[in-house]
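Heads up, the thing below is written out as structure tokens.
The values are calculated or read from the model by the stated rules, or taken from the named source; none is laboratory data. Note that this is a predicted model, so its numbers are computed, not measured. Cβ placement follows ideal geometry from the backbone for every residue including glycine, while neighbour counts extend to all protein chains displayed. Accessible surface areas use protein heavy atoms only, side chains included; no ligands, DNA or RNA. Shrake-Rupley method; radii C 1.70, N 1.55, O 1.52, S 1.80 Å.
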Amino acid sequence: MPSGSGGDDRPGALYRPGRRDLLKVLGIGGVAALAGCSSSQNDGSGGGTTDSTESDGSTASGDGIRTVGGDYVSASSVDASSLNWISIADQTSGNYIGLTLDATWVITPDQEIFPLWADISSEDGRVYEVSLRDNLQWGAGYGQMTAEDWVYMIQEVFQAPDNWSGYPNTDDWYRNDEPIPVEQTGTLTFEIRLPEVDPSFPFKPVLWGQSCMPRGILEKYAPSGDTQGLQQDEEVNTLAYAGNLGPYSYEQWERESQFVVTRNEDYYLREVAAEEGFEGYDDAFAEAFAEAPYFDRYVIRVIKEESARLGALRSGEVTSAGVPPNKAEQFRNLSDIELNVTPQPFVAVLAYNQRANGWKPFRRKAVRQALAHAVDKQAIAESIYRGYARPAQTMQPEWSEWYVADRITNYGVGDNYGAEATRSALSEALSDTEYSYDGETLEDGNGEQVTLSLFFDQGQNTEQTTAEFIAQEFGNNAGIDVELQATSSFIESYASNAPPEGEDVPWSAGMFNGGPRNVSVGQEPWDMSVNLGFNTYPYTPASSQGFFEERGGINYYGYVPDADIAGLYEQASRTVDEAERRELFGRAFGLINDEQPFGFVTMSSSISGYDSTLQGPIEDFASGWDFQRWYFE
């Protein structure tokens, strides 16, 4: 899913083969091998926690007492786009919804599956059984969550041939252009039958972190494909159906101001902790969930200006806020604020609009390759991000085992950076078009300098500085004039796209890819953007396949690949041989580096400031997996 720049800063035990046993069954040597990294920080969140219960029934965690109280207030630079999770693909909206709805399961810092609503098991890595807890209750009178809800949603929404709901990840539920068979096997169980072995399936965001809606809501709209009806449904837009399924309950959403939820008195995990515990974890770990969540309210305040957000953090008006790299050292020395630097799997990109309302030459691989020489990535990493970032070259971080260096061209670095390299490559790439150089200036057929727009998020100073630097580099090295545009509605007005009203298209992959690029366009024209970053999925690299398919659900930029990148992804997903998987993924990420579907800029750490009394955040990109048990000391 794309990551917005200014989102919120967080992020009965069922008997199954243990999570480690599951990986053994699938022929995986260990969790770390599957995830592509050597180890994760152990902060005591797992079975080895030292929590203990006090005589008053509260829970101690090292140096503090876990009691319910206080408001957690987070600062965000942007508001959510919708509370209808079926149609959203931005991190901020997901953060809002995730406060009221948990999900199937999460991945811990030890890279193990931790069941929330459900657990998953398999004997062969092809047929998976999903089992729901028996204490999950919808709100608004929809009764118990059952497997029937899930199977109906998967078949009638995720796999609907016309994608009537605008679900952006519909391709996750297809294999070889055929829907994955899904069958209810019991009141609380359903089966997913993959056409081929996929050992990493439980770790992919197909079902990992997946939410659900009651059949009772969906069946009002699915038979007729009533998109507008679902979008306008009162129960959907107030999360009234959330019941006991999340730690908080919806209270209010003041657009462009704040989102407020209150502690859910019926939260299902408290019952699980009290009566059953959690398989593979000790009693002390369960006791940490005994009164979860530990805040009376959770508030996300929309504060667009960076200076105002940081001022609110310094004064204690908010509990947490993102801290830009150039301000990190100022906050590191404040006694009442804890600075958290967390490695992230998100890559910052320079998206090129290859749709009909963008600059047409972006459709040429050679043009995109040429422009990759124009921007000094090392300067961005060191000067703008103050060393809290590294240059990015493909859809994996350098530390991932799937990153094969000898298949990568290091664009924007050393000999692959500068005016000479950019102009010579761009001149050749455009030699059969109306575009040509007049001295150091790239001109169109009318003798006018090529001018392109570049969008960034309003109120994001680091993003703005990056955009300004890119604009300067394009001018100096490519001879292209760049006009900067600040926006607070990039998703709604630019990235979301659809064909003109009344015009039929042969396919649609959701709100971010409404059809072929010659027909489906956003409301407003744009050329380039640094508004959204992408998840590289170092745990399960095959999960990024949709970014590189013409019909991919997140392909708002209209990229059509030259090479069969998707085929390499699919081959890699099918094999359990680690050496073969690494070879196939290495080739795929080499081709992505070669095709430059968008400009890879940097991979940075997430820097957040937290009230020093807050207990819970860790410096691991799985931080927040257990946010339900965070508390004020």
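Loop-resident trypsin sites (Lys or Arg not before Pro) (DSSP state other than H, G, I, E or B) in region 218-301 with no more than 11 further Cβ atoms inside 10 Å of their Cβ: R255.
Lysine pair count for the chain (Cα-Cα distance under 27 Å; residues 8 or more apart in sequence or on different chains): 6. Accessible area of I607 (1.4 Å probe, protein heavy atoms only, ligands and nucleic acids ignored): about 10 Å².
Between the alpha-carbon centres of region 615-633 and region 377-440 there is a gap of 36 Å. Under 5 Å from the amide H of S453 lie the amide H atoms of E483, D527, M528, each residue being 5 or more positions distant or on a separate chain, with H modelled from the backbone and absent for Pro and chain starts. Here the simple spin-label model places points 7 Å from the Cα toward Cβ, and for L484 and E440 these points are separated by 2.0 nm.
Rg over Rh for region 561-633 works out to 1.21, both radii taken from alpha-carbon positions and Rh defined as the Kirkwood radius. Estimated at the nearest 10 Å², the accessible area of D481 is 60 Å² with a 1.4 Å probe. In the assembled protein chains, E398 presents an accessible area of approximately 90 Å² (probe radius 1.4 Å). Applying the criteria of a DSSP loop state and at most 12 other Cβ atoms within 10 Å to the GluC sites (Glu not before Pro) of region 227-295 yields E256, E265.
The candidates D71, D415, arranged from most to least accessible area with a 1.4 Å probe in the full protein assembly, appear as D415, D71.
The Rg/Rh ratio of the chain, with both radii computed over alpha carbons and Rh defined as the Kirkwood radius, is 0.95. Under the criterion of Cα pairs below 8 Å and six or more residues apart, the relative contact order for region 174-289 equals 11 percent. Loop-located GluC sites (Glu not before Pro) in region 419-484 (DSSP state not H, G, I, E or B) with no more than 11 neighbouring Cβ atoms inside 10 Å: E434, E448. For region 424-581, the share of DSSP beta bridges that are antiparallel, to the nearest 5, is 35%. Ordered from highest to lowest accessible area with the whole protein assembly present and a 1.4 Å probe, D620, D162 read as D162, D620. Here K220 and D177 are evaluated by their C-beta separation; at R0 = 30 Å the FRET efficiency comes out at 0.55.
Computed from the alpha carbon atoms alone, the convex hull of region 514-576 holds 102 Å³ per residue.
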